[in-house]
1. Among (1) modelled with pLDDT of 95 or more; (2) more than 16 Å from ligand 1 (Cβ to nearest atom), which single condition is residue 114 missing?
2. Going by what's in this entry, would residue 23 be described as open to solvent by 70 Å² or more (accessible area, probe 1.4 Å) and touching a residue at least 60 places away in the same chain (Cβ under 8 Å)?
3. Applying the selection to the range 143-182, what residues are under 12 Å from residue 116 (Cβ atoms), open to solvent by 30 Å² or more (accessible area, probe 1.4 Å), within 16 Å of ligand 2 (Cβ to nearest atom) and touching a Leu at 6+ places or on another chain (Cβ under 8 Å)?
4. Kindly list the number of the only condition in (1) outside any loop (DSSP other than H, G, I, E, B); (2) within 16 Å of ligand 2 (Cβ to nearest atom) that fails for residue 31.
5. List pairs: first residue in the range 212-233 and on the phi > 0 side of the Ramachandran plot, second residue away from ligand 2 (no atom under 16 Å from the Cβ) anywhere in the structure, Cβ distance under 6 angstrom, at least six positions apart or on different chains.
6. Can you tell me which residues in the range 227-267 are more than 16 Å from ligand 1 (Cβ to nearest atom) and among the aliphatic types (A, V, I, L, M)?
7. Going by the conditions given, is residue 272 modelled with pLDDT of 95 or more, part of a helix (DSSP H, G or I) and more than 30 Å from residue 60 (Cβ to Cβ)?
8. Can you pull out the residues in the range 198-227 that are under 30 Å from residue 181 (Cβ atoms) and open to solvent by 10 Å² or more (accessible area, probe 1.4 Å)?
Amino acid sequence: MSSKLIEKSVIADLASRASGLDQPGGDQRLKTVANRLLGDLFTAIDDLDISMNEVWSAVAYLGQAARNNELGLIAPGIGLEHFLDLRLDEAERRAGLAGGTARTIEGPLYIAGAPLSKGTARLDDGSDKGEVVFMQGQVRDQNGKPVADAIVDVWHANTRGNYSHFDPQQAAYNLRRRIQTDAEGRYSFRSIMPSGYATPPGGSTEQLMFAFGRHGHRPAHIHFFVSAPGYRHLTTQINIEGDEYLFEDFAFGTRNDLIPPVARVSDPKVLAERQVQEPFASIDFDFVLMPQVEGVTDTVVERERVSA
Ligand code: MBD
Ligand code: FE
């Protein structure tokens with residue numbers, strides 16, 4: 001068949017009726033969005049001459065991806081999650097709220113309710129013999145004032161790139177903690193150096209990435225939610241410098257401001273102080289929170305999250 005077989009008005013009319021715009025009931029916002037998306041989809045099918053077989057293979061693909069529980073992974077893989085960050089960044093810039101630590105995607109692997117500690121925590125349970133890493137810093141406001149009692153909610157993968165809860169081999173909340181900053185806004189933790197994540201082998205996300213000629217790897221990273229009353233909630237990550245996928249993240253999460261230097265510490269005195277046998281990695285990273293302002297899109301995101 002050739003392309004552009006259908007009049008624009010026929011497409012507009014069908015999209016409108018399919019999304020119930022000619023009906024009084026239902027959810028008006030949903031109807032508006034569905035009308036737009038359906039119209040764009042029908043137009044794309046007509047412009048690109050998308051075949052019946054292609055349509056039904058896409059429907060089957062989405063069904064399988066849903067059964068695999070991979071829709072939350074496809075969202076970052078196709079740049080959707082990063083695109084939402086770009087929009088929020090720009091909305092903040094226009095509202096005069098530029099500054100503060102850069103945000104980046106949450107991803108699908110957060111688990112709420114990690115154990116809460118004051119000031120400092122150890123995230124690993126000692127079972128994974130990865131490189132020891134100490135990370136420390138301060139939470140401040142835009143004027144440099146320390147934010148005491150902020151919550152630094154941190155989560156990361158183990159040396160195989162796997163996250164507790166999703167990985168049956170790890171104990172509950174392994175490599176996940178909430179750390180409350182001290183009076184000087186300081187937090188610190190001991191953990192093990194994570195490895196990069198890769199999409200599940202043979203899964204729907206990997207299948208799509210391969211079909212795009214891409215890969216499903218993320219560089220090693222550590223996730224954070226940083227929050228405190230009166231401040232905009234921050235969702236971010238740091239990446240580990242030197243990772244082969246640092247600027248090749250399949251999820252588009254890497255940002256230049258989020259790649260702190262990793263120092264290697266081998267001074268025997270410091271090792272003894274920290275009670276470690278071998279040289280360790282040390283990362284300094286401060287978080288700068290922006291104030292809560294009325295009328296600017298909130299940064300607290302409601303989404304379906306797995307709970308432990
Ligand atoms: C991850 O660990 C992650 O952070 C994202 C965004 C997607 C997949 C796995
Ligand atoms: Fe991650």
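1. Condition not satisfied by residue 114: (2).
2. no
3. 177, the sole residue that qualifies.
4. (2)
5. So the pair list comes out as 230/292.
6. 228, 262, 263, 265
7. So residue 272 fits the description; yes.
8. 218, 225, 227
The values are calculated or read from the model by the stated rules, or taken from the named source; none is laboratory data. Note that the structure is predicted; figures quoted are calculated from it, not measured. Note that each Cβ is placed from the backbone with ideal geometry, even for glycine, and that neighbours are counted across all protein chains shown. We work out accessible area using only protein heavy atoms, side chains counted, and drop any ligands, DNA or RNA first. Shrake-Rupley method; radii C 1.70, N 1.55, O 1.52, S 1.80 Å.
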